[in-house]
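The structure appears right after this line, and notes come after that.
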Amino acid sequence: MEDLLCKIRDCKVCHEHLPLGARPIIEATRKSKIVLISQAPGRIVHETGIAWNDQSGKKLRDWLGVDRDTFYNTENFAILPMGFCYPGKAKTGDLPPRKECAPLWHDEVWEELNESTLKIAIGSYACDYYLGKKTKLTAKVLNYEQYLPDYWPLPHPSPVNRFWRAKNPWFEEDIVPKLQQKIAEILS
C-alpha cells in the first residue's frame, strides 16, 4: 500500500492542467475500515496537504459524528478522491475533479483496501461514478439504504451546498443520526 500511495502522490499526469500544479492528496492503509470517496481537494487542502482540512471537512466530521483524531486515523478512514489534486476555481465552488485520476488509480487502491466495510460516496461526482448516473443525488441520499451494505451516498458538505441542505432538512434530521450510528458501530 505504501508503494502505491507514493506512486499516486508522485503522479504528474495532468500537472499542466492544474492551476497550482500537482499535489495529489490520498490517505489510506490496508486496515482502513471506512473509505471516503470524495470529490477533489480544495485550495486550502492543496496548500496544507491535509485532506478535508477546511469548512467542508468540519461539516463532514459533524455528519460522521467523529472528532479530528478519529477522522485522521487512517485505520478508521481512508480518503480516496475522484480527483487527487485541486482542479481550480469555478464560478461557484471549485471545478470538477480531473477525469484522469479515478480510472487511473482507483482499481489499484481498491485491491489494497481489503478490510474496508463501508464506502461513503460524497457528492455527485463520486455517487455518479460508483452508484450510476440514472438517479439524481438527492434521490440517492434519500434512498441510501438501497446502496447498503457497501455504499452510503452523501451530498457534498461544502458551504456552497447550504441551499441544498436548507431545501432538504430531512437529511440532517433523519439520515445523519443513522449515519452516525453506523459509523460508531464500525469504529467500536
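The values are calculated or read from the model by the stated rules, or taken from the named source; none is laboratory data. Predicted model, so just to flag it, every value in this text is computed and none were measured. Here the Cβ positions follow ideal geometry from the backbone for every residue, glycine too, while neighbour counts run over all protein chains shown.
The condition of being at pLDDT 95 or above, of a type outside the set (Gly, Ala, Ser) and more than 29 Å from LYS31 (Cβ to Cβ) does not hold for LYS119. Selection over segment 93-118 of residues that are closer than 22 Å to ASP54 by Cβ and of a type outside the set (A, V, I, L, M) gives a count of 6. Of ASP94, ASP69, ASP128, all but one fail to be farther than 20 Å from GLU172 by Cβ and more than 16 Å from the chain's Cα centre (by Cα); the exception is ASP69. When you look at ILE183, is it outside any helix (DSSP H, G or I), out of contact with any Cys (no Cβ under 9 Å at 6 or more places or on another chain) and among the aliphatic types (A, V, I, L, M), yes or no? No; evaluated as a whole, the condition is false for this residue.
Could you tell me which of the residues ILE25, ILE34 is in contact (Cβ under 8 Å) with a residue 24 or more places away in the chain and under 14 Å from ILE120 (Cβ atoms)? Give the derivation first.
Details: ILE25 fails: under 14 Å from ILE120 (Cβ atoms).
Result: ILE34 is the single residue among ILE25, ILE34 that is in contact (Cβ under 8 Å) with a residue 24 or more places away in the chain and under 14 Å from ILE120 (Cβ atoms).
Look through segment 66-110, keep the residues that are in contact (Cβ under 8 Å) with a residue 40 or more places away in the chain, among the small types (Gly, Ala, Ser) and more than 18 Å from ASP128 (Cα to Cα), and return whichever of them is surrounded by the most Cβ atoms within 10 Å (Cβ to Cβ). Among residues in segment 66-110 that are in contact (Cβ under 8 Å) with a residue 40 or more places away in the chain, among the small types (Gly, Ala, Ser) and more than 18 Å from ASP128 (Cα to Cα), the one surrounded by the most Cβ atoms within 10 Å (Cβ to Cβ) is ALA78. Of the residues making up segment 47-65, none is in contact with a Phe, Trp or Tyr (Cβ under 8 Å, 6 or more places away or on another chain), of a type in the set (Asp, Glu) and either surrounded by 17 or more Cβ atoms within 10 Å (Cβ to Cβ) or part of a helix (DSSP H, G or I) (or both). The number of residues in segment 66-96 being closer than 19 Å to LYS31 by Cα, in contact with a helix residue (DSSP H, G or I) (Cβ under 9 Å, 6 or more places away or on another chain) and of a type in the set (A, V, I, L, M, F, W, C) comes to 5.
Checked against (1) modelled with pLDDT under 95; (2) within 16 Å of PRO155 (Cβ to Cβ), TRP52 meets all criteria but (1). When each of SER116, SER158 is tested for being surrounded by 13 or more Cβ atoms within 10 Å (Cβ to Cβ), closer than 17 Å to LYS59 by Cα, touching a residue at least 24 places away in the same chain (Cβ under 8 Å) and of a type in the set (Gly, Ala, Ser), the lone residue that passes is SER158. Can you name the residue in segment 173-185 that is surrounded by 14 or more Cβ atoms within 10 Å (Cβ to Cβ) and either touching a helix residue (DSSP H, G or I) at 6+ places or on another chain (Cβ under 8 Å) or hydrophobic (A, V, I, L, M, F, W, C) (or both) and, of all such residues, is nearest to ALA139 (Cα to Cα)? Filtering first and then ranking leaves ILE175.
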